Amino acid sequence: MTYTVLLAEDDRPIRDSLVRALHLEGYDVIAVADGVQALAAAHDRRPDVLVLDVMMPDVDGLGVCRVLRAEGDQTPILMLTARVETSDRIAGLDAGADDYLPKPFEPLELFARLRALLRRAGHGKADGAVIQLADLRLDPAARRAWRGPRELALTRTEFDLLELLARNQGIVLGHATIYERIWGYDFGPGAKNLTVYVGYLRRKLDPPGQPPLIHTVRGVGYTLRRP
């Protein structure tokens, strides 16, 4: 199957290089130079995945991401940026992005992340059985989750992470295992994606007054278990 990538990058040499690399990897590519064109192409062409540069004229990558998510569009989004601070990564994830790739990067890493996003776009269809742990319920087929009577408003990645932990409840999953299963690639000990998403998930899953379900095993990873 051939997938379509919408690439928004205002630096022409970088854009042309990525287009060539993606074509060689077998993707169809829609290449645009700014956020306004990216939104128009996303509405018109319905790509399978978006690759957005953060810094673009007119509407930047974060703005494109926010507009699409506000419209209910859950197409996977990978953000590209030269910014490397944790606050910049958090801004991209808060805007609704599914992953974040700092520049410069190797094409092989980009391809690995795209494959992971495309896999996750169909994640949960094979096994639709409801998963339960204490007062937590997950419906993978509907991609909905509740803690007690309260439905959780989860992003795509947050749901994928919670489902992975719930399917392995009581088992400590290492950082590398989680990265491979959720992002399709182990980004090494310096990566912050997992820490950021666990924090997001905890705030939604374990509000004040309720016992926590996600537990950290220091130096190893995370587990979901009964209070």
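Hey, any hits in the range 117-126 for a residue that's among the hydrophobic types (A, V, I, L, M, F, W, C), modelled with pLDDT of 80 or more and more than 21 Å from Leu205 (Cβ to Cβ)? Among the residues of the range 117-126, at least one is among the hydrophobic types (A, V, I, L, M, F, W, C), modelled with pLDDT of 80 or more and more than 21 Å from Leu205 (Cβ to Cβ), which makes the answer yes. Of all residues assigned to the range 174-185, none qualifies as being farther than 16 Å from Tyr100 by Cα and assigned to a loop (DSSP other than H, G, I, E, B).
Screening Ala31 with (1) in contact (Cβ under 8 Å) with a residue 12 or more places away in the chain; (2) open to solvent by 30 Å² or more (accessible area, probe 1.4 Å); (3) among the hydrophobic types (A, V, I, L, M, F, W, C); (4) not in a strand (DSSP E or B) gives one miss only, at (4).
Residues are listed down the side, and each one gets a yes or a no for (1) at pLDDT below 90; (2) in a helix (DSSP H, G or I):
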{"position": "Ala129", "(1), (2)": "yes, no"}
{"position": "Arg137", "(1), (2)": "no, no"}
{"position": "Ala142", "(1), (2)": "yes, no"}
{"position": "Trp146", "(1), (2)": "no, no"}
{"position": "Leu154", "(1), (2)": "no, no"}
{"position": "Glu158", "(1), (2)": "no, yes"}
{"position": "Leu161", "(1), (2)": "no, yes"}
{"position": "Leu165", "(1), (2)": "no, yes"}
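When Ser17 is tested against the conditions (1) open to solvent by 30 Å² or more (accessible area, probe 1.4 Å); (2) outside any helix (DSSP H, G or I); (3) not aromatic (Phe, Trp, Tyr), the lone failure is (2). Being open to solvent by less than 20 Å² (accessible area, probe 1.4 Å) and touching a helix residue (DSSP H, G or I) at 6+ places or on another chain (Cβ under 9 Å) is a property that holds for Ile77. If the condition is being among the aliphatic types (A, V, I, L, M), under 23 Å from Lys192 (Cα atoms) and open to solvent by 60 Å² or more (accessible area, probe 1.4 Å), then the range 124-182 contributes Ala153, Ile171, Val172. Checking each residue of the range 144-161 against the condition of being basic (Lys, Arg) and touching a Ser or Thr at 6+ places or on another chain (Cβ under 7 Å) gives no match. Taking the listed residues Asp88, Asp44, Asp58, Asp10, the one that is open to solvent by less than 60 Å² (accessible area, probe 1.4 Å), of a type in the set (Asp, Glu) and either modelled with pLDDT under 95 or part of a loop (DSSP other than H, G, I, E, B) (or both) is Asp88, with no other qualifying.
The values are calculated or read from the model by the stated rules, or taken from the named source; none is laboratory data. These numbers come from a predicted model, not from an experiment. Cβ sites come from the backbone with ideal geometry, for glycine too, and all protein chains shown count toward neighbours. The accessibility values were calculated without ligands, DNA or RNA, using every heavy atom of the protein model including side chains. Shrake-Rupley method; radii C 1.70, N 1.55, O 1.52, S 1.80 Å.
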